[in-house]
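**Student:** Once you've had a glance at the structure underneath, I'll fire off some questions.
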Amino acid sequence: MLFAALADFYKHNDNVKFTGDVTVRREELAKEFRAPVSALSPGGVTGIIETDNAYNIIMLKEFESVALDVYKDRIAKKIQKDKQEELYQSLMSRLRQEYSIQIRY
């Protein structure tokens, strides 16, 4: 495979840091990597991704799907929190429009 051959070639270059195989969850990826990696299918390779201190090329070897049940409670809590925040902001906005508050010293 070309990617493996290039990785093997460049890992021996003192100026190139080769990290090899890494297993990470999507949310653990650096923000610069999330979109390019999310667009890949297994075996796919990103273009060059420039970060503050390096140029990176990533190959997605495989991905593992996780059953919804694993994240069900976390998703429900997030939806509930977002809805509460939305309702709170809506109420506060309405109260600010309805009432004038003056603080005098």
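**Student:** Do you know the Lys pair count in the chain for C-alpha distances under 26 Å, with sequence separation 8 or more or different chains?
**Tutor:** Count of close lysine pairs: 12.
**Student:** Between Glu64 and Tyr105, 0.36 nm times their residue separation minus their Cα-Cα distance comes to what?
**Tutor:** Separation in residues times 0.36 nm, less the Cα-Cα distance, equals 8.6 nm.
**Student:** Hey, what does the equivalent ellipsoid look like for the chain, semi-axes from the Cα gyration tensor as sqrt of 5 times each eigenvalue, largest first, whole Å?
**Tutor:** Its equivalent ellipsoid spans semi-axes of 47, 21, 10 Å.
**Student:** With springs only between Cα atoms under 10 Å apart, run a GNM on the chain and tell me which of Arg25, Arg34, Arg94 wobbles the most.
**Tutor:** Judging by the Gaussian network model, the answer is Arg94.
Laboratory data are not the source of any read-out in this text; all were calculated from the coordinates shown. Just so we're clear, the structure is a prediction, and the values are computed from it rather than from any experiment.
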